[in-house]
């Protein structure tokens, strides 16, 4: 399951990442969910998309399509992987914290765990992870701090702290 970044759409990540072709060649299913307001409610303390209390629960949103895929034998319960870039990574970390029992692994691309999620993350078990970040990224600081140098986008842990978590 691939989660799009903020201000993006599922069809764009599908085209850009090349996973659709790979899934056809290798015989696995890819799902690209899209959310309202073009951004995931990913647990950051400041959100440019929602006021507190009105944000949808996107962790619960993850369950419905996954249940359908499992019920229709498109996906296997112990073979679910999550990924995505940027805001999609923030959602990936939420799922690692809140739905560890439902995913086999995660591959965050271009983001670290948010500082707001870190102290409340209590996964039910370990989740294998592969993080892909750049040391010179102008939006997501390798060493942690403000996302895009903007308080409204929240703060992230360092890449090293995200790996060690």
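The values are calculated or read from the model by the stated rules, or taken from the named source; none is laboratory data. Predicted model only: the values in this text are computed from it and were never measured. Glycine gets a Cβ as well: all are built from the backbone with ideal geometry, and neighbour counts include every protein chain shown.
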Practice task
Hey, could you check the range 73-110 for residues that are on the phi > 0 side of the Ramachandran plot and touching a helix residue (DSSP H, G or I) at 6+ places or on another chain (Cβ under 7 Å) and say which is surrounded by the most Cβ atoms within 10 Å (Cβ to Cβ)?
Solution key: 84
Exercise for the section: Output the residues belonging to the range 141-156 that are in a loop (DSSP other than H, G, I, E, B) and touching a helix residue (DSSP H, G or I) at 6+ places or on another chain (Cβ under 6 Å). Expected result: 142, 154
Handout entry: Residue satisfying all of: in the range 38-57; modelled with pLDDT of 75 or more and in contact with a helix residue (DSSP H, G or I) (Cβ under 9 Å, 6 or more places away or on another chain); surrounded by the fewest Cβ atoms within 10 Å (Cβ to Cβ) among these
Key = 56
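Condition check ((1) part of a helix (DSSP H, G or I); (2) under 16 Å from the mean Cα position of the chain (by Cα); (3) modelled with pLDDT of 95 or more; (4) over 24 Å from residue 12 (Cβ atoms)) across all residues:
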{"site": "59", "(1), (2), (3), (4)": "yes, yes, no, no"}
{"site": "74", "(1), (2), (3), (4)": "no, no, no, no"}
{"site": "84", "(1), (2), (3), (4)": "no, yes, no, no"}
{"site": "94", "(1), (2), (3), (4)": "yes, yes, no, no"}
